[in-house]
Amino acid sequence: MLDQDTITALATPPGRGGVGIVRVSGARVTEIARAVLGFAPKPRYAHYGPFLGEQGQVLDEGIALFFPGPNSFTGEDVLELQGHGGPVIMDWLLERAVGLGARLARPGEFSERAFMNDRLDLAQAEAIADLIEASSRAAAENAMHSLQGEFSRHVHELVDRLIELRVYVEAAIDFPEEEIDFLGDGRVAAMLEAVRGNLAEVRASAAQGALMREGMSVVIAGRPNAGKSSLLNALTEQETAIVTDIAGTTRDVLREHIHLDGMPLHVIDTAGLRDTPDAVEKIGVQRAWAEIEKADRVLLLVDSRESDATDPMAIWPEFVERLPDPSKLTLVRNKIDESGESETPDLSTTPPVIRLSATTGTGVDNLKEHLKGVMGYQATSEGRFSARRRHLDALDRAAHALTHGAEQLAGASAGELLAEDLRAAQDALGEITGEFTADALLGEIFDSFCIGK
Ligand SMILES: Nc1nc2c(c(=O)[nH]1)N(C=O)[C@@H](CNc1ccc(C(=O)N[C@@H](CCC(=O)O)C(=O)O)cc1)CN2
Ligand SMILES: Nc1nc2c(ncn2[C@@H]2O[C@H](COP(=O)(O)OP(=O)(O)OP(=O)(O)O)[C@@H](O)[C@H]2O)c(=O)[nH]1
Ligand SMILES: [Mg+2]
């Protein structure tokens, strides 16, 4: 299954820089090194000297590093030519490697080989891409934890417990006369319950990791003139959106990306919700609803001068009823500079209530703190790790299988069916670390990496 080609790519970003690195991996590395350097390099030694062209001419003077497999990043022989970082030189070195039998690597192909050669599991390989893509220190720290195996360790622990459980259940099936006693003695049920609890914990941490990687989407919704665009501007600290006292000012969906202490947030301003004969505004209202329906968090912004109510069902029942998940709602009472309301939030109510003035900025920090809380912000990065939606899907499928298994056990004490569910849960977990991952999915994952990684 392993690709025998020797691959090469630029490991540094394209363009000009102090140093540029061409990396080569595969069986022809020693041959290529000998041709380019004129001698066989010592393992893990920084050789300074000329890089030679086909005619023996000097293409560049640089540093060569040779890592013999399997103790290299890819697990294969690896050569690094660290030259002067200019596009012409880098291109020339790549062409030289190709002339000596390497081919240009696909995006992610070095990491893919590291995965195939068991240098990394799939979650760790994905963490490399997440580390490179991280746009905040918090995201980078999370990715580093996953790269160091934190997420994979949790998954392996779950798998180990499932295996233990499977051994027990399958033993029961092998002794049909005692099967009912075996499964009914409470031990299997207790073990299953414990694994489901652990899985739920890992799911919660992974959800937070995914949220911090992808950013939480926060939609600002409400009636025209509630101050939605003013709130967007207050959060982005810029005049991003047009604000006027004309109801129906915003028609398009406006998106801004901000960070709160490294937590990425997509803030989305929408058209004020109302029935309108205006064809353009109507489309705006439809788009607003589309955003509300897929939001991670919905801020229902109301004008605090208009009503004292803090229960959205009292303010606007039709709005609440249309929400796919009312637990994602926060009520924001705006314009407290005019209503005279205190900025003290009520975070223990359902929904939580924030009081602020989008124009003076009073109370906006309370909203930021609240949003950080919703994202599970902690001051330290301990115990956090990066995760992707793909991982959450796999965890959900595992949880689903275990719920089904628990039902089988409680209902029919059906050992065979429970065993089947345990196997399905284990397979789903195996997709995270790559033990059970279809080639097509692997291709998709590594294709999204950058060139040279
Ligand atoms: N010059 C350079 N810097 C780099 C990389 C690289 O490939 N080249 N990396 C590329 O991503 C990252 C470091 N990752 C690496 C991971 C493993 C090995 C490696 O040789 N591992 C061997 C030996 C380990 C040891 O000596 O302790 C092994 O795992 O067996 C090298 C780099 C970041 N910096
Ligand atoms: N006094 C006061 N006025 C505010 C506040 N927030 C917004 N306004 C005013 O309310 C009016 C409407 O503000 P916008 O931010 O455009 O309201 P919107 O909800 O985006 O309105 P549409 O885009 O029409 O749906 C403007 O005149 C703002 O200056 C506030 O906190 N206090
Ligand atoms: Mg607006």
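The values are calculated or read from the model by the stated rules, or taken from the named source; none is laboratory data. Being a predicted model, the structure only gives us computed values, none of them experimental. Using ideal geometry, Cβ is built from the backbone for each residue, glycine included, and neighbour counts are taken over all protein chains shown. Heavy atoms of the whole protein, side chains included, go into the accessibility calculation; ligands, DNA and RNA do not. Shrake-Rupley method; radii C 1.70, N 1.55, O 1.52, S 1.80 Å.
Just checking, how many residues over region 436-449 are touching a residue at least 60 places away in the same chain (Cβ under 8 Å) and surrounded by 13 or more Cβ atoms within 10 Å (Cβ to Cβ)? Give the steps one after another, and end with the answer.
As a first pass, look at region 436-449 and keep what is touching a residue at least 60 places away in the same chain (Cβ under 8 Å): 437, 442, 445-449.
Next cut, surrounded by 13 or more Cβ atoms within 10 Å (Cβ to Cβ) only: 437, 442, 445-446, 449.
Residues that pass the stated criteria total 5.
The single condition among (1) in a helix (DSSP H, G or I); (2) out of contact with any His (no Cβ under 8 Å at 6 or more places or on another chain); (3) at pLDDT 95 or above that A171 does not meet is (3). Residue count for region 148-188 under the criterion of being open to solvent by 40 Å² or more (accessible area, probe 1.4 Å) and within 35 Å of the chain's Cα centre (by Cα): the result is 12.
Quick grid of which residues meet (1) open to solvent by 50 Å² or more (accessible area, probe 1.4 Å); (2) within 16 Å of ligand 1 (Cβ to nearest atom); (3) within 30 Å of R388 (Cα to Cα); (4) not assigned by the TED database to the domain that holds T74:
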{"position": "G85", "(1), (2), (3), (4)": "no, yes, no, no"}
{"position": "L93", "(1), (2), (3), (4)": "no, yes, no, no"}
{"position": "A97", "(1), (2), (3), (4)": "no, yes, no, no"}
{"position": "R103", "(1), (2), (3), (4)": "yes, no, no, no"}
{"position": "G108", "(1), (2), (3), (4)": "no, yes, yes, no"}
{"position": "S111", "(1), (2), (3), (4)": "no, yes, yes, no"}
{"position": "F115", "(1), (2), (3), (4)": "no, yes, yes, no"}
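If you go through region 357-366 and pick out every residue that is in contact (Cβ under 8 Å) with a residue 60 or more places away in the chain and touching a Lys or Arg at 6+ places or on another chain (Cβ under 9 Å), you end up with 2. The residue pairs whose first member lies in region 248-277 and is small (G, A, S), whose second member is in a strand (DSSP E or B) and within 12 Å of ligand 2 (Cβ to nearest atom), and whose beta carbons are closer than 8 Å, counting only pairs six or more residues apart or on different chains, are G272/G222.
Identification of helices (runs of 4 or more DSSP H) wholly contained in region 301-389 with 1 or more residues that are of a type in the set (G, A, S) yields 312-315, 336-339, 364-374. Of the set (1) open to solvent by less than 40 Å² (accessible area, probe 1.4 Å); (2) within 16 Å of ligand 2 (Cβ to nearest atom), all apply to M191 but (2). Pairing each residue of region 4-22 that is more than 16 Å from ligand 3 (Cβ to nearest atom) with any residue that is among the aromatic types (F, W, Y), provided the two are 6+ apart or on different chains, yields no C-beta distance under 6 Å.
Per-residue answers, yes or no, for (1) modelled with pLDDT of 90 or more; (2) under 21 Å from the mean Cα position of the chain (by Cα); (3) of a type in the set (S, T, Y):
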position	(1), (2), (3)
K368	yes, no, no
M375	no, yes, no
A387	yes, yes, no
E407	yes, no, no
A410	no, no, no
R423	yes, no, no
L429	yes, yes, no
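Taking each residue of region 42-66 that is among the β-branched types (V, I, T) and looking for partners that are in a loop (DSSP other than H, G, I, E, B) with beta-carbon atoms closer than 7 Å, six or more apart or interchain, yields I63/A46. If you scan region 292-310, which residues turn out to be surrounded by fewer than 14 Cβ atoms within 10 Å (Cβ to Cβ) and of a type in the set (D, E)? The answer is E293, E306, D308.
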